[in-house]
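See below for the structure under consideration.
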Amino acid sequence: MQVEKTAAPAAGRQHSASATDAVVVLDHVSKRFGGVVAVDDLSLDVMRGEFFSMLGPSGCGKTTTLRMIGGFDAPSEGVVRLDGRDVTDLPAYRRDVNTVFQSYGLFPHLNVFDNVAFGLRRRHVGGAEVNRRVQEALELVSLAGYGKRRPGQLSGGQQQRVALARSLVNHPQVLLLDEPLGALDLKLRKQMQLELKRIQGEVGITFIFVTHDQEEAMTISDRIAVMNHGRIEQLGRPEDVYERPATQFVAEFLGASNLLDGVYRGTLDGWGSVELAGGDSIRIPAPPSALVGDKLKVGIRPEKLHLYPDGREAPSDHNSIAAILRNAVFVGVSYQYFFDAGGGRQLSAFDRNAGGGPIAGPGEKVRVAWKPEHTFVIPADGMAQPTPTNHQTGRQDK
Amino acid sequence: MTTLRELPEFLDAAFLRGLTQRRITRRGALAGAGAISLGAFLAACGIGGNQPSAATHQNWVWDKAKKTGTLDFGSWPLYIDTAVDSAGNTTYPSLVEFTKETGIKVNYSEPIQDIAEFFAKIAPQLQAGTPIGYDIIVITNSIQLTNLMLKHWLVELDPSKLPNFYKNGSKRVQNRSFDPGNRFTIPWQSGFTGIAYNTKKISREITSYNDLFDPAFKGKVGMFTFTQDTGNLTLLGMGIKPDNSKPSDWQKAADKLKQQRDSGILRKFYDQSYIKALSAGDTVISMAWSGDVYQANLSAGNEDLKFILPKEGGLIWTDNMCIPVGAAHPVDAITYMNYVYDPKVAAELAEAINYITPVPGAKAVVEQDAAAATDADTKQSLTDTANSSAVFPTDADLAKTYYYRTLNPAEATQWNDIFNAVILS
Amino acid sequence: MAVGTATVRRPALTTRWGRALAPYLLIFPGVAWLLIFFLFPLLTLAVTSLMSGDFVAGFQFTWNFNNYTYGLGLYATQYSHSLEYGASATLIAFLLAYPAAYWIAFHAGPRKSAYLLIILLPFFVSFVLRTLSWETLMGDDGPILGPLKSAHLIPSDFRVLATPIAVTFGLAYTFFPYMLLPIYASLEKIDRRLIEAAEDLFANRVEVFRRVIFPLSIPGVFAGVLLTGIPATADFVNQTLLGGAGTTMIGRVIEQQFEVSANYPLASALAFVFMLGLLAMLLLYQRLFGTDELVRAR
């Protein structure tokens, strides 16, 4: 009954493979559990060799999507392709994909070596070869010499590495990682993020990484799909998604954002012009996908804001608005300020702690300024508009 | 009899009686083997290393004891006449009459369902010299009864207080090998151990012990698991009178049984469940107790089963009334023991119990009752009782029945080891 | 503040003794129970087994090892019957219980408890009654064999009752729940994510069972085998009701020696040997299939 999986061509596993070569394709995939839609008509290409993250709050459908790629859940509709082959109806054990589970899923009755060797043995790899590859995999995750231990004798971080080695040892076409760092403490977590990135670079396997931690996603991913309500809100490189969030959800989920209501007034000197609700006029990168008179929201990341005490003018090439400092919080590397910008608008800003204390005291007037190119624009209704930011970040519908 | 018996809880005596009308045998009603109480194990632990009782003969009892007006009587289930009063309570008419005549109130109970089990329960108390709470107990002739007598745990009876027994009791029951001179016991009721067979499955007449060894019945023959019954009947079958037998005879009998077992003729050594196997057709011929066969036919509504005493000789056993030492009301007890030897009382009991009554004179009374009966069912039933050889055996029957070999403790051990080597294999 | 600390500390000091004693107080009832109801009878058993004498004359302690040699010589076959039937019954119970437990644990969905109850329902009836009804059901001319014989599908002298087979299956049936429940519990406990992990690592359904589910259910199997094997080996009621000539198990011999023959020393010796034998096998079994390592690893 043993069905050999189609071995991926050796070249396909190499990092040198073409970056435009999609290894996982989801084509209009939906998943419903009873009446609940977990994944809603989702299409996605994951490129060979990339570190791809699915980011979103719990219940956004990211884990379900991962499970459909892994073969643990069958899509209600749509097609899953793996390396060009339709695997929609293929059970998990016949897919050339491995998963690192959030719970690790290590077999408690097997020692580390046997855990790692499990997949190779199921594929009838010879004993000597198993030995060699398991040792190699354990070295890769810095656990050489731990082969005889039982999972119960390892720390959380070590278990996590075993789970990683257990999957990597099989040289899968794609490695799925379901919140693998979720159970680790912060320090270990940061360390493992870097290590994951290193390992992915070394083995060149496509990683699909699910997390609810935006910082984690940005740290390690080549591309990020931000998901909400079973859909992709935005897909792109971390910088693009962060600097130019396409929706209010993305703007708020990825880091803090200052969002201000305004109306588009047309272009001026190569900039777009927006009249804010409080009457200030600001410049934005042009041209936005908006018509003159359209309502929209503009956003600025808190760390992009510069503060000037009352009386000092902001540089003329900056947008600036007046505000009253409400509170200054010392957070070590920086101060975090909270302002009242009039009309009930709340702003927050980070300012590097370069010595010299806070820029102003509570109740004092300040000017808040930022470069126009740091402004991003979101349609005023705030609804998700999955508009790919550029040609390489999204999959165009046919 | 040392049977393994347990009455399933829902099979209460009144229910069974209703089901089977009047003619029910005690042993039949108790059909079905039971779990064996391991409580006996712990109880037994208290007996280790005992010395012979200091108390010897209890004649002084009769000089000092007075009638008290109370009697605690412990017997077996379904072993006395019963009626239901207007309030729905079970009453015992013969005991009511006894109270009326003597002024002695009887506390009747049925604590005995298995000799070994009951013995294991009372032995530690008797050993410790504590009264067991009964003035009369009914014990089958057995190793346990012998032990009770040898341990001087029974009150020696005063013959002068048992005129009815000596006047009305049959000669057979006045001469029981296990209690010569009736020093400690007198019979309550008796029964036979012989052979029963299914006349539908065996066309020829069965007359001999050796028919139990007929290869034609291979795999369909039942024997008793009780060493006393099986051993003694086999001795008789080999022409050896039990009481004259020696250990070498016992070994010969065991060898004969071994051959029956090894040749596959024997199906199983049965306890009380033998009658169920015989009725169901699992066996076609089996060692049997007289009353059971009568009862089984009655239940089945046919005459398929037949009980015979083999021509080589059958066994008679007796359930005996006796007074345990420490009994609080010995005079009341012996008064009752004498009372049941009145033919009228014996007839009343025989009509209800249908075992061998120790009082032959009861037959005339039963016949009179039958003649006086008004409804046809009762008349038929009483006539059957009067004519039943299971209640009033013929002299010819009695002449070829023997009691078990009486065994002292050392002999009992030897006997059991010899026969158990075959039976418990 | 200082006052508050003092008032808090005082009761802590007074409970220090109580805290130190607590473990002993907690285990005391259990230890006392074992002493009274296990150790004492065991000791009595050992002492009794070395006595000589008879019931009427009384039994004296005489270092009578003869009880052991005599008993073993006389009843070796019955010991081997116990082993043979007990082991076969355990195996049969395992083969029947495992699939049932597996199905309930993994495929019965939300009605698990209902199915468990249905399977265990017959065992609410006294086992003597159950075994008695077996006797009726499997009779030579009973409702199962009767029709088969009429149809000449089996020879007319074929029988189930009064055979070792009947004893073995009777035992397997009697102790079935003791096999089923621990296996079910261990299967139910298995982390379902481990099964997905195995599938993810290319194990098909058969391999998932062989490599993950079965190994993880071994503690349950281990317990089930003990809970079934020990009482099945010691049982004598099944054999009394369902067995025939030549199928006697040692439990029945011990019971007869105790209750009927009142040969307490011999009965004690037989029981003691039986107990030691079981203990030896238990230790061996534990050694061979023990779950110490697995438990520790968790």
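The values are calculated or read from the model by the stated rules, or taken from the named source; none is laboratory data. These numbers come from a predicted model, not from an experiment. When we count neighbours, we look across all protein chains shown, and the Cβ atoms used for this are built from the backbone with ideal geometry, even at glycine. Just so you know, the surface numbers come from the protein's heavy atoms only, side chains and all, with ligands and any DNA or RNA stripped out. Shrake-Rupley method; radii C 1.70, N 1.55, O 1.52, S 1.80 Å.
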Whole-Hz Karplus ³J(HN,Hα) for the stretch B:117-122, in order, using 6.51 cos²θ - 1.76 cosθ + 1.60 and θ = phi - 60°, x for Gly and Pro?
5, 5, 4, 4, 6, 8
Highest first, please rank the peptides B:356-368, B:117-129 by the mean number of other Cβ atoms sitting within 10 Å of their residues.
B:356-368, B:117-129
Quick check on packing: order B:210-222, A:356-368, A:241-253, C:250-262 by the mean number of other C-beta atoms within 10 Å, highest mean leading.
C:250-262, A:241-253, B:210-222, A:356-368
Two decimals is fine: what's Rg over Rh for the stretch C:198-298, C-alpha atoms, Kirkwood radius as Rh?
1.20
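Using the Kirkwood radius built from alpha carbon pairs, what does the Stokes-Einstein equation give as D for the stretch A:257-379 at 20 °C and 1.002 mPa s, in µm² per second?
Working: Rh = 14.8 Å.
Reported coefficient: 145 µm²/s.
Once neighbouring chains are kept in place and the probe is 1.4 Å, which whole percent of the accessible area of chain B is contributed by carbon and sulfur? Working shown, then result.
Values: 8370 of 15430 Å².
Answer for chain B: carbon and sulfur cover 54 percent of the accessible area.
Which value, in Å², gives the accessible area per residue of the protein assembly as shown when a 1.4 Å probe is used on the protein heavy atoms? Before the final figure, lay out each step's value.
Working: 48170 Å² over 1121 residues.
Here the residues of the protein assembly as shown average 43 Å² of exposed surface.
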Students often forget the sequence filter, so: which aspartates and glutamates lie under 17 Å Cα-Cα from residue B:379 once same-chain residues fewer than 8 apart are removed?
B:348, B:351, B:367, B:369
Which order do the peptides A:257-263, C:122-128, C:165-171, C:218-224 take when ranked by the mean count of other beta-carbon atoms within 10 Å per residue, highest first?
C:165-171, C:218-224, A:257-263, C:122-128
At the level of C-alpha centres, the distance separating the stretch B:238-295 and the stretch C:173-246, in angstrom, is 42 Å
Pairwise Cα inverse-distance average, inverted: Kirkwood Rh of the stretch B:67-203 (Å):
17.5 Å
Average beta carbon contacts from partner chains per residue of C:52-64, 10 Å cutoff:
5
Would you list which lysines come within 30 Å of residue B:256, measuring only between C-alpha atoms, while excluding same-chain residues fewer than 8 positions from it?
B:200, B:201, B:218, B:220, B:241, B:246, B:268, B:276, B:306, B:311, B:400
Karplus 3J(HN,Hα) series, Hz, for the stretch C:42-48 with 6.51 cos²θ - 1.76 cosθ + 1.60 (x for Gly, Pro)
4, 5, 4, 4, 4, 5, 4
Dimensions of the stretch B:232-298 along principal axes (Cα, Å, largest first)?
40, 27, 17
To make sure I understand the rule: partners must be aspartates and glutamates, Cα under 16 Å from the Cα of residue B:105, and not fewer than 8 residues away in the same chain. Which ones qualify?
B:72, B:97, B:135, B:332
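Could you give me D for the stretch B:181-289, from Stokes-Einstein at 20 °C and 1.002 mPa s, where the hydrodynamic radius is the Kirkwood radius over C-alpha pairs? Units µm² s⁻¹, please. The partial results should precede the final answer.
On the way: Rh = 14.7 Å.
Taking Rh from Cα pairs, D becomes 146 µm²/s.
At a probe of 1.4 Å, how much accessible area disappears from chains B and C on forming the pair, both sides counted, to the nearest 100 Å²?
Numbers: alone 17500 and 18600 Å², together 32000 Å².
Rounded to the nearest hundred, the buried surface is 4100 Å².
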Compute log10 of I(q)/I(0) for the protein assembly as shown with the Debye formula, placing one identical point scatterer on every Cα and leaving out solvent, at q = 0.05, 0.06, 0.07 Å⁻¹, to two decimals.
-0.58, -0.71, -0.81
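Residues of C:252-258, mean number of Cβ from any other protein chain within 10 Å of their own Cβ, rounded to a whole number?
Working: counts 5, 3, 2, 8, 10, 5, 8.
Taking all residues of C:252-258 together, the mean is 6.
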Choice from A:185, A:27, A:213 showing the highest fluctuation, given a GNM over chain A with Cα pairs closer than 10 Å:
A:185
For labels at residue A:76 and residue B:63 in the simple 7 Å Cα→Cβ model, what's the distance in nm?
10.4 nm
Compute the distance from the alpha-carbon center of the stretch B:302-349 to that of the stretch B:372-406, in whole Å.
14 Å
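Could you give the C-alpha radius of gyration of chain A expressed as a fraction of 2.2 N^0.38 Å, taking N as the number of residues it contains?
Numbers: Rg = 24.6 Å, N = 398, 2.2 N^0.38 = 21.4 Å.
For chain A, the normalised Cα radius of gyration comes out at 1.15.
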Quick one: which residues, 5+ away or cross-chain, put their amide H under 5 Å from the amide H of residue C:248? H built at 1.01 Å from N.
B:425
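With the Cα gyration tensor of the stretch C:64-163 in hand, give its eigenvalues times 5 under a square root as the equivalent ellipsoid semi-axes, listed largest first in whole angstrom. Intermediate values should be presented prior to the final figure.
Numbers: eigenvalues 225, 139, 38 Å².
So the three semi-axes of the stretch C:64-163 are 34, 26, 14 Å.
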Gaussian network model of chain B, Cα within-10 Å springs - most flexible of B:289, B:76, B:188:
B:76
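Could you tell me the total accessible area buried at the C-A interface, probe 1.4 Å, in square angstrom to the nearest hundred?
2300 Å²
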A correct Stokes-Einstein calculation for chain B, using the alpha-carbon Kirkwood radius, 4 °C and 1.567 mPa s, returns a whole-number D in µm² s⁻¹ of 58 µm²/s
Based on C-alpha coordinates, I'd like the Rg and Dmax of the stretch C:109-225, in Å.
19.9, 57
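In debye to the nearest 20, how big a dipole does the protein assembly as shown give about its Cα centre with +1 on each Lys and Arg Cβ and -1 on each Asp and Glu Cβ?
Numbers: 104 positive and 107 negative charges, 356 e Å.
Dipole magnitude for the protein assembly as shown comes out near 1700 debye.
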To one decimal place, what orientation-averaged projected area in nm² is obtained for the convex hull of the Cα set of the stretch A:102-146?
3.5 nm²
For the stretch A:18-248: lysine pairs under 30 Å (alpha-carbon distance), excluding those fewer than 8 apart on one chain:
8
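Can you pull the percent of the stretch A:18-248's accessible area that's carbon plus sulfur, 1.4 Å probe, other chains left in place? Don't skip to the answer; put the middle values down first.
On the way: 3920 of 8200 Å².
Percent of accessible area from carbon and sulfur atoms in the stretch A:18-248: 48.
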Would you give the gap between the C-alpha center of the stretch B:102-148 and the C-alpha center of the stretch A:151-182, rounded to a whole Å?
76 Å
Using bins 5 angstrom wide from zero, how does P(r) for the stretch A:18-248 break down, in % of all Cα pairs?
1, 7, 15, 18, 20, 17, 12, 7, 3, 1, 0
